[in-house]
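See below for the structure under consideration.
The values are calculated or read from the model by the stated rules, or taken from the named source; none is laboratory data. Not measured: the values here are computed from a predicted model. Heads up, the Cβs are rebuilt from the backbone with ideal geometry, glycines too, and the neighbour counts pull from every protein chain shown.
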Amino acid sequence: MKQRNLITQMVVREIASRYRGSALGIVWSLLIPILMLAIYTFVFSYIFKARWRVDTDSKTEFALVLFAGLMLFNTFADCINRAPTQIVSNVNFVKKVVFPLEILSIVTVVASLFQMLISLVVWLVFYMAVLGLPPVTALLLPFIVVPLVLITLGATWFLAALGVYLRDVAQITGVLTTTLMFVTPIFFPASAVPQRLQIVFVLNPLAAIVEQARDVLIWGKLPDLGVYCLLLAISIVISWLGYASFQKTRGGFSDVL
C-alpha cells in the first residue's frame, strides 16, 4: 500500500512535469492527440487519398486505423526513449538506500498509459462522430494492452539500468524506436508484407499487439486466443528478464553516479 501511494504521487508529478511551464499545461495532453488525428485525416484521406481497404469509400477510415496503431506504439516508444536517463536524472533517489528505484519505471509506464487513455478518448469521439458506435469487441482492448504494458515495463527496466553504465544508449533509443515503428504494421496492414519478410513481423511482438488491437477496436473481431496466450507468455518473460537485470545491476548505480 505504501508503494502504491508513492507510485500514485509520482505519476501525478510526472504527468504534471511534462507540461509544466507551458501556457495550457496539461490541456496539451488532450490537444496533441486531437491535432495529430486531424493531421492524419487530412494528409492520408485528402492528399494521398489512402484507403486501408479497397472495398470502402470512407475518407477517414485510414486515419482511424493508423491512429489506433499509433496510440499503442507511442506508449511503448515514449517509455523506451525516456528509460536510459531515468536513473541518471534521479541521482537523489539512488543515494537513498530505502528508496525502491524499480518504481521509477512503473511511474514512467503509467504516465504514458495516461496519455494513451486520453488519445483513446479522442479516437472514440472521432470514431462515433464518423462511423457510429464502435464494435462491442472494443471492450476487450484492456486485455490486449496487458502484454504491451509488460513488454514496455521489462524493456524500460533493462534500458534504465543500461543507461547508467552506458550513456550512449540515450542517443540510440530514438533511432531504434523509429526503426521499430516501420517494422510494425502501423502504416500498412500485416497482410501487405511480402511473404519473405513476414519473419520480421513474426519476431516483433508489437506487430501482433497492434493487429489484435485493431481487430477489436475497428474490425469487430475476437482476438486469436492462441496468439494472445503466446503474447502474454512472451511479455511475462520479457518483463521478468528486465526486472531481474535491473535488480542485478542496481547495486553499482551509486558507484557510477
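Restricting attention to the range 24-45 and to residues that are of a type outside the set (A, V, I, L, M) and at pLDDT below 75, the residue that is farthest from THR178 (Cα to Cα) turns out to be GLY25.
Screening VAL202 with (1) within 19 Å of the chain's Cα centre (by Cα); (2) free of Cβ contacts under 8 Å to residues at least 24 places away in the same chain; (3) within 14 Å of ALA161 (Cβ to Cβ) gives one miss only, at (3). Tally the residues that are in contact (Cβ under 8 Å) with a residue 60 or more places away in the chain, surrounded by 14 or more Cβ atoms within 10 Å (Cβ to Cβ) and farther than 29 Å from LEU162 by Cα, restricting the search to the range 222-244. Residues that pass the stated criteria total 2. Take PRO147 and decide whether it is without any contact (Cβ under 8 Å) to a residue 24 or more places away in the chain, within 28 Å of GLN86 (Cα to Cα) and in a helix (DSSP H, G or I). Considered against the rule, which asks whether it is without any contact (Cβ under 8 Å) to a residue 24 or more places away in the chain, within 28 Å of GLN86 (Cα to Cα) and in a helix (DSSP H, G or I), PRO147 comes out as no. Among the residues of the range 245-257, just one is among the hydroxyl-bearing types (Ser, Thr, Tyr) and either under 22 Å from ARG214 (Cβ atoms) or loosely packed, with under 15 Cβ neighbours inside 10 Å (or both), namely SER254. Restricting the range 90-117 to residues that are polar (S, T, N, Q) and at pLDDT below 90, which is farthest from the chain's Cα centre (by Cα)? Across the range 90-117, the extreme among qualifying residues is ASN92. Going by the structure shown, is LEU6 within 20 Å of LEU70 (Cβ to Cβ) and at pLDDT 80 or above? Here the answer is no, as LEU6 does not meet what is asked.
Screening ARG53 with (1) closer than 29 Å to ASN204 by Cα; (2) modelled with pLDDT under 80; (3) surrounded by 15 or more Cβ atoms within 10 Å (Cβ to Cβ); (4) not small (Gly, Ala, Ser) gives one miss only, at (3).
Residues in the range 195-221 that are polar (S, T, N, Q) and surrounded by 12 or more Cβ atoms within 10 Å (Cβ to Cβ): GLN198, ASN204, GLN212. Would you say LYS59 is farther than 23 Å from ALA207 by Cα, touching a helix residue (DSSP H, G or I) at 6+ places or on another chain (Cβ under 7 Å), surrounded by 14 or more Cβ atoms within 10 Å (Cβ to Cβ) and at pLDDT below 90? In short, yes.
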